[in-house]
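The values are calculated or read from the model by the stated rules, or taken from the named source; none is laboratory data. Treat the numbers as computed from the prediction; the structure is a model and nothing was measured. So basically every Cβ, Gly included, is an ideal-geometry build from the backbone, and we count neighbours across all protein chains shown. Protein only, heavy atoms only, side chains kept; ligands, DNA and RNA dropped before computing areas. Shrake-Rupley method; radii C 1.70, N 1.55, O 1.52, S 1.80 Å.
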Amino acid sequence: MMLPSSETTDASASGTWTLGDLTVNRLGFGSMRLPQKGAAFADGTPRDRDRALHVLRRAVELGVNHIDTAAFYFSPLRSANELINSALAPYGDGLVITTKVGPGRDPSGAWTWATPEQLRGQVEENLRQLGRDHLDVVNLRLAPSQASASVAGHFGALAELRRAGLIRHLGVSNATPGQLAEARGIAPVVCVQNAYGLGSPADDHAFVRACGEQGIAFVPFFAIAGTGREEGASGAQDEAVLTVARDHGATPAQVRLAWTLHQGPHVLAIPGTGDPDHLAENVAAGALRLTAEDLALLALPAR
């Protein structure tokens, strides 16, 4: 099947999933790359403000109703949350904005990690920047060094804020299966947001399947960038990806997104870009249906 034109495809072609009581199209948008050009969190060239606002408005026009952000997504001149507020407020019914807390950055850009007591301040910072009276979904983002740490203190603090009405639903990010289980013992978890994509190790695939069995959305980041992470995707592509792309008249990035969505109906995608043409291509990937032969060819070894 050849991929339909990006000019005629919107995010509804990807199907839907429900985050608690919030229904979203499975192809969403990640705002990490909006504040600057080049690598995220680097002192790169600030993104043109009007162009960034246009990308956000165009995303909504294309049916995107799930936007991922964070208060620590900022460059010296641009803030993702402020851009979202300026472009999209007053927010339309059905638009779900997901954010994350745990990490923080001071005005110089230096990283900090919140204590449980400091999480309320981070939640309130997101509320102010986004112009909201509550947050739809808040993920507790964990550091790589916290892979064996208990999440009870931090997740318990967020559960209190949920009971207070500041947060509607909770998720975890960069979490292990054990941390997910611990969090679920404290409050409902609607999503897991971890790095995942083609070439991920077997344990990651098993975790994705386990989330589906529990009715929890799995929202991978770096699905396109892969090992490039914050730097973005490299120019090099696996031959299997290129072959499938040629067969479908698609780009390698679209193939990677389509593969991600094929991992289960509970798997969402949040590719980010500051380019309106790339945005349309990413959204169109939600309509790309891979064959069994394609999926077998794309069973890349873990790296």
Which residues, counting only those in region 23-40, are on the phi > 0 side of the Ramachandran plot and within 14 Å of the chain's Cα centre (by Cα)? none
Options LEU170, LEU127: the member that is more than 25 Å from LEU261 (Cβ to Cβ) and either in contact with a Pro (Cβ under 8 Å, 6 or more places away or on another chain) or of a type outside the set (Phe, Trp, Tyr) (or both): LEU127
Going through (1) modelled with pLDDT under 95; (2) loosely packed, with under 15 Cβ neighbours inside 10 Å; (3) not hydrophobic (A, V, I, L, M, F, W, C) one by one, GLN146 fails only at (2)
Here are some conditions: (1) over 28 Å from ALA11 (Cα atoms); (2) out of contact with any helix residue (DSSP H, G or I) (no Cβ under 9 Å at 6 or more places or on another chain); (3) part of a helix (DSSP H, G or I). GLY109 meets all but one. Which one does it not meet? (3)
Just checking, how many residues over region 53-62 are open to solvent by less than 20 Å² (accessible area, probe 1.4 Å) and under 14 Å from GLU281 (Cα atoms)? 3
Could you check HIS154 against (1) part of a helix (DSSP H, G or I); (2) open to solvent by 50 Å² or more (accessible area, probe 1.4 Å) and say which number it fails? (2)
What's the total number of residues in region 42-69 that are within 23 Å of ASN25 (Cα to Cα) and either at pLDDT below 95 or in contact with a Pro (Cβ under 8 Å, 6 or more places away or on another chain) (or both)? 4
Counting only residues in region 112-136 that are among the hydrophobic types (A, V, I, L, M, F, W, C), open to solvent by 10 Å² or more (accessible area, probe 1.4 Å) and not in a strand (DSSP E or B), the one farthest from ARG26 (Cα to Cα) is identified as ALA114
In region 213-230, residue modelled with the lowest pLDDT [restricted to those that are under 13 Å from the mean Cα position of the chain (by Cα), part of a loop (DSSP other than H, G, I, E, B) and on the phi < 0 side of the Ramachandran plot]: ALA225
What are the residues in region 180-199 that are open to solvent by 10 Å² or more (accessible area, probe 1.4 Å) and more than 17 Å from the chain's Cα centre (by Cα), if any? ALA181, GLU182, ARG184, GLY185, ILE186, PRO188
Within region 246-303, tally of residues that are among the hydrophobic types (A, V, I, L, M, F, W, C) and assigned to a loop (DSSP other than H, G, I, E, B): 9
Conditions (1) assigned to a strand (DSSP E or B); (2) modelled with pLDDT under 95 -> GLY171 fails only (2)
Is one or more of the residues making up region 75-92 over 22 Å from GLY272 (Cα atoms), open to solvent by 20 Å² or more (accessible area, probe 1.4 Å) and part of a helix (DSSP H, G or I)? no
Taking the stated definitions as given, is GLY286 open to solvent by less than 20 Å² (accessible area, probe 1.4 Å), touching a Lys or Arg at 6+ places or on another chain (Cβ under 6 Å) and touching a residue at least 40 places away in the same chain (Cβ under 8 Å)? no
Only one of (1) touching a Leu at 6+ places or on another chain (Cβ under 8 Å); (2) surrounded by fewer than 22 Cβ atoms within 10 Å (Cβ to Cβ) does not apply to LEU297, and that is (1)
Taking interchain pairs and intrachain pairs at least six residues apart, which have beta carbon atoms under 8 angstrom, with the first residue in region 236-255 and in contact (Cβ under 8 Å) with a residue 40 or more places away in the chain and the second open to solvent by 40 Å² or more (accessible area, probe 1.4 Å) and charged (D, E, K, R)? GLN254/GLU281
